[in-house]
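Okay, so here's the structure we're looking at.
Coordinate-derived values only; no laboratory data. Since the structure is predicted, the reported quantities are computational estimates derived from the model, not experimental observations. Neighbour counts run over all protein chains shown; Cβ positions are idealised from the backbone, glycine included.
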Amino acid sequence: MREPALPLATFCGNCNCGCPQLFLDPDAPEDRRVRLTDDFGQQIQMSLDQFTDLITQAKSGALDTLTPA
């Protein structure tokens, strides 16, 4: 039996509109273990290495231009 994906984070959380969520799916293929869903039911799946790269870039400030100061 397949284990459900583990919820790691919910983004927004101030409404009941289906906020974006981050999941870890340990039973998924290695290149799809991290899943990010949006509030429209779409999803992005990526490997842990790709997610680690995303976090590294965010911490370095590479994504700062996407948000207001």
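Here are the numbers for the structure shown:
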quantity	calculated
Flag for Cys19 being in a loop (DSSP other than H, G, I, E, B) and under 13 Å from the mean Cα position of the chain (by Cα)	yes
Subset of the range 28-44 that is more than 11 Å from Ala5 (Cα to Cα) and charged (D, E, K, R) - its residue that is surrounded by the fewest Cβ atoms within 10 Å (Cβ to Cβ)	Glu30
Residue tally, condition within 18 Å of Leu48 (Cα to Cα), surrounded by 12 or more Cβ atoms within 10 Å (Cβ to Cβ) and of a type outside the set (A, V, I, L, M), over the range 11-26	3
